[in-house]
Amino acid sequence: MGLDPSHLLAGGIGGLVRSLANPGGSVMRHISTAIVGTAVAGYVTPVAASVAQRYLAVPDVPAASMGGMVAFVLGLTGMSLCDILLKWARRWRDGPPPPFPPLPPDTLQ
């Protein structure tokens, strides 16, 4: 599949850390969060690591270490990124949200 196993491991650990940091939840929730973190890190890390390496420009950090750090952060935030994308897709599918009702004139003072 062309995925780096170290990115998958770092993403899975990041997803598990995110899940365990939120109290409560079932074992299935912890497993699913780790799986989503692994998937996001596996597929997004190559692009995100090259962008991070370019814009952070840390000469002491080799590209492989930057990839591991980026994979962990992507695993940590992977479930949140997926939630945002799903909300955006639902909003796009359902059309624009209804406009806010106008404020009463006395509240504008």
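The values are calculated or read from the model by the stated rules, or taken from the named source; none is laboratory data. Given the structure is predicted, the values throughout are model-derived calculations rather than measurements. Reconstructed Cβ throughout: ideal geometry from the backbone, glycine too, with neighbour counts over all protein chains shown.
Can you go through ARG29, ARG93 and tell me which one is free of Cβ contacts under 8 Å to residues at least 40 places away in the same chain, part of a helix (DSSP H, G or I) and over 19 Å from the mean Cα position of the chain (by Cα)?
ARG93
How many residues, within region 1-17, are at pLDDT below 85 and closer than 14 Å to LEU76 by Cβ?
The qualifying residues number 0.
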Problem - Checklist (1) more than 16 Å from CYS82 (Cβ to Cβ); (2) surrounded by fewer than 20 Cβ atoms within 10 Å (Cβ to Cβ) applied to HIS7, failing item - result: (2)
Problem - Per-region count, region 18-60, residues closer than 15 Å to VAL73 by Cβ and loosely packed, with under 15 Cβ neighbours inside 10 Å - result: 7
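Please specify each residue of region 61-72 satisfying the condition of being of a type outside the set (Gly, Ala, Ser) and either within 12 Å of LEU9 (Cα to Cα) or surrounded by 18 or more Cβ atoms within 10 Å (Cβ to Cβ) (or both).
In the first step, residues of region 61-72 are kept if they are of a type outside the set (Gly, Ala, Ser); the result is 61-62, 66, 69-70, 72.
Residues satisfying the conditions are MET66, MET69, VAL70, PHE72.
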Exercise for the section: Return only the number of the condition from (1) charged (D, E, K, R); (2) buried (at least 17 other Cβ atoms within 10 Å of the Cβ); (3) modelled with pLDDT under 85 that ASP106 does not satisfy. Expected result: (2)
